[in-house]
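Structure first, then comments.
The values are calculated or read from the model by the stated rules, or taken from the named source; none is laboratory data. The structure displayed is predicted, hence computed values, not measured ones. Heads up, the Cβs are rebuilt from the backbone with ideal geometry, glycines too, and the neighbour counts pull from every protein chain shown. Side chains included, ligands, DNA and RNA excluded: accessible areas come from the protein's heavy atoms. Shrake-Rupley method; radii C 1.70, N 1.55, O 1.52, S 1.80 Å.
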Amino acid sequence: MPKHSRDQETKVIRLKDYRQEEPQPQTSGEPPEEMSQPLAQYEYEEEASQEEYTRNRERRQLPRAVYHISLALLAVVIGLSLWVNREYLTWDHMKEWARLQLKGPNAGDGYPVGITGADVYEGNFLSAGGSVLVLSNTAFTSVNGDGKEEFSLRHSLNRPVLQAAGGKYLLYNRGSTGYLLVSGGRVAVEAVSGEDIICGSAAPNGKYALGLEGSHGASKLEVYMPDGSLQYEYPFANDYITAIALNHDGSFGAVCTVCSEKGEMVSRLTVLDFTQTDPVAQYETRDNLLLAASWGENGVIYSVGDGAMLSATSPDYQFTEVSYQGRQLTAFALSAGRAFLSISAYEHAGDSALLIYNGAEAYNEANPVRIDRDTRIEALSVSGGVVGMLAGGDVIFCDYVTGMELGRADAGPDAKSIALSSESRAYVLGVSEIRTVSANGKEADAPSSPQPEPSSVD
């Protein structure tokens, strides 16, 4: 900013000396001479001396030697760092570093991924939250969409069975007494039952139920709180429990049993309120072994048998029985408030039909939705509005409302089961590895974000 010259004398300016009278109107149209001249003038220095500015700038600059020494020290530090880490400066390590920078610490090496353990039953393979969960004969493992292991829990169950509900996983030893409840990748409950375990079920809030063997064909239901304390028990004096389903908060249960009456097989589905001693409802079906059950969040109860399916809605519990008309059940899944049943007229091969029942609506010509295949359907999985089928060596993606095929991919010759992680991506269980495929027929890329809807496989 310009400054007043120090040599200039101080001058007092009085406003009254420059105050002018009101200008009188002029006839000529020209302003008076006094109005065209400035009333006061100031004189400023333009800027500081150029030489003084140059001297100040030179004083602020560091000597060149300082720059040279700094560069030399930096080169020494870099050289020492490279020497100390020379064993890690390989192409593989550099690729791993680049992958971590791009994808973050949760990224894995991709698929295929080897299975921890030797044997995995088809029902012990499912997807939840975009990850795949595998229960083998030695470990319960979760692997995310990038192929990175999230957790792996060792167990000693020789006949392990996996039941899942809302992030809670019940692992039990069928025909023996050991079981675990897993939540958040850790063991919440580890215990031993009083009798051998027949079957079990879990609720999303952590409650779980076990069907235990009794003597002479009898059995007993035991229901536990999330901390492992016993809440409820119900004895079946003459019936053998085959399947259990809990509702969303574990306050009710549907129990499937079987017995023999005069040489005829009789199965029953019993609905229990865990605050009452007597059953709420019961339905009986003959020559139909009930294999599995589910209680959906929409209140629909399903029970899948080898000859017919049962369904009812709570709280009226009016059951409907749908016969397979002598055809064989090849695969099924209970998910999204629906029952997905694959039936075939042939026992070991031939074409099959996928029937999709919505128990919340009346059964008619449009319900169930029917999808016919010219090959045998071996496994089913559901995610969002899509059902995936393992049939003829392919994974086939279909819209389960319209029945329209959305895409397919080669599953591989050793494919045993599938688990959909999204509507367009599936995990494939092979003999010794897990692979991924997508609906466009290519190997699937990792999802950008996990999908909340779990997949159910039976």
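Filtered by the rule that a residue be in a loop (DSSP other than H, G, I, E, B) and either in contact with a helix residue (DSSP H, G or I) (Cβ under 7 Å, 6 or more places away or on another chain) or of a type in the set (Gly, Ala, Ser) (or both), the stretch 360-380 gives Ala360, Ala362, Ala366. Contact map, the stretch 384-395: residues that are outside any strand (DSSP E or B) paired with residues that are open to solvent by 10 Å² or more (accessible area, probe 1.4 Å) and of a type in the set (Ser, Thr, Tyr), Cβ distance under 8 Å, separation 6+ or inter-chain. Pairs shown: Gly384/Ser422; Gly385/Tyr400; Gly392/Thr375. Does Gly250 fit the bill of being at positive phi and surrounded by fewer than 19 Cβ atoms within 10 Å (Cβ to Cβ)? Judged against the criteria, Gly250 is not a match.
I'm checking my understanding of the structure. Among residues of the stretch 205-239 that are open to solvent by 40 Å² or more (accessible area, probe 1.4 Å) and hydroxyl-bearing (Ser, Thr, Tyr), which one is modelled with the lowest pLDDT? Restricting to residues being open to solvent by 40 Å² or more (accessible area, probe 1.4 Å) and hydroxyl-bearing (Ser, Thr, Tyr), the top hit is Ser215.
If you check Ser455, Ser421, which single one turns out to be within 18 Å of the chain's Cα centre (by Cα), open to solvent by less than 60 Å² (accessible area, probe 1.4 Å), modelled with pLDDT under 95 and within 21 Å of Gly123 (Cα to Cα)? Of Ser455, Ser421, the one residue that is within 18 Å of the chain's Cα centre (by Cα), open to solvent by less than 60 Å² (accessible area, probe 1.4 Å), modelled with pLDDT under 95 and within 21 Å of Gly123 (Cα to Cα) is Ser455.
The strands (runs of 3 or more DSSP E) found entirely in the stretch 308-359 that carry 1 or more residues being under 14 Å from Arg373 (Cα atoms) are 328-335, 338-344, 352-358. Report yes if Pro226 is touching a Gly at 6+ places or on another chain (Cβ under 6 Å) and in a loop (DSSP other than H, G, I, E, B), otherwise no. The answer is yes for Pro226. Restricted to the stretch 167-188, and to residues that are assigned to a loop (DSSP other than H, G, I, E, B) and open to solvent by less than 60 Å² (accessible area, probe 1.4 Å), which residue is nearest to Ala426 (Cα to Cα)? Result: Gly167. The residues of the stretch 368-427 that are under 17 Å from Asn440 (Cα atoms) and among the acidic types (Asp, Glu), listed by number, are Asp394, Asp399, Glu405, Asp410, Glu423.
Between Phe332, Phe340, Phe319, which is closer than 30 Å to Val271 by Cα, within 28 Å of the chain's Cα centre (by Cα), among the hydrophobic types (A, V, I, L, M, F, W, C) and open to solvent by 20 Å² or more (accessible area, probe 1.4 Å)? So that I can check it myself, show each step before the final result.
Working: Phe340 fails: open to solvent by 20 Å² or more (accessible area, probe 1.4 Å); Phe319 fails: within 28 Å of the chain's Cα centre (by Cα).
Testing whether each residue is closer than 30 Å to Val271 by Cα, within 28 Å of the chain's Cα centre (by Cα), among the hydrophobic types (A, V, I, L, M, F, W, C) and open to solvent by 20 Å² or more (accessible area, probe 1.4 Å) leaves just Phe332.
When you look at Tyr302, is it closer than 26 Å to Ile343 by Cβ, in contact (Cβ under 8 Å) with a residue 40 or more places away in the chain and not aliphatic (A, V, I, L, M), yes or no? So Tyr302 fits the description; yes. Being within 14 Å of Asp287 (Cα to Cα) and of a type outside the set (A, V, I, L, M, F, W, C) is the filter; apply it to the stretch 304-316 and report the residue that is most open to solvent (accessible area, probe 1.4 Å). Looking at the filtered set, the residue picked out is Asp306.
Which residue out of Gly359, Gly296 is buried (at least 17 other Cβ atoms within 10 Å of the Cβ), out of contact with any strand residue (DSSP E or B) (no Cβ under 7 Å at 6 or more places or on another chain) and in contact (Cβ under 8 Å) with a residue 40 or more places away in the chain? Walk me through how you get there before you give the answer.
Numbers: Gly359 fails: out of contact with any strand residue (DSSP E or B) (no Cβ under 7 Å at 6 or more places or on another chain).
Only one candidate passes the filter, namely Gly296.
Of all residues in the stretch 273-282, exactly one satisfies the criterion of being assigned to a strand (DSSP E or B) and open to solvent by 60 Å² or more (accessible area, probe 1.4 Å), namely Gln282.
With respect to the conditions (1) buried (at least 19 other Cβ atoms within 10 Å of the Cβ); (2) over 20 Å from the mean Cα position of the chain (by Cα), Val401 lacks only one, and its number is (1).
If the requirement is being in a strand (DSSP E or B), of a type in the set (Val, Ile, Thr), surrounded by fewer than 24 Cβ atoms within 10 Å (Cβ to Cβ) and touching a Pro at 6+ places or on another chain (Cβ under 9 Å), which of these qualifies: Thr242, Thr270, Thr285? Step through it out loud before you land on a result.
Working: Thr242 fails: touching a Pro at 6+ places or on another chain (Cβ under 9 Å); Thr285 fails: touching a Pro at 6+ places or on another chain (Cβ under 9 Å).
Just a single option satisfies the conditions, and that option is Thr270.
In the set (1) modelled with pLDDT of 85 or more; (2) over 30 Å from Ile197 (Cβ atoms); (3) among the polar types (S, T, N, Q); (4) open to solvent by 90 Å² or more (accessible area, probe 1.4 Å), the condition left unmet by Ser156 is number (2). Filtered by the rule that a residue be surrounded by fewer than 23 Cβ atoms within 10 Å (Cβ to Cβ) and not aromatic (Phe, Trp, Tyr), the stretch 343-356 gives Ile343, Ser344, Ala345, Glu347, His348, Ala349, Gly350, Asp351, Ala353, Leu355, Ile356.
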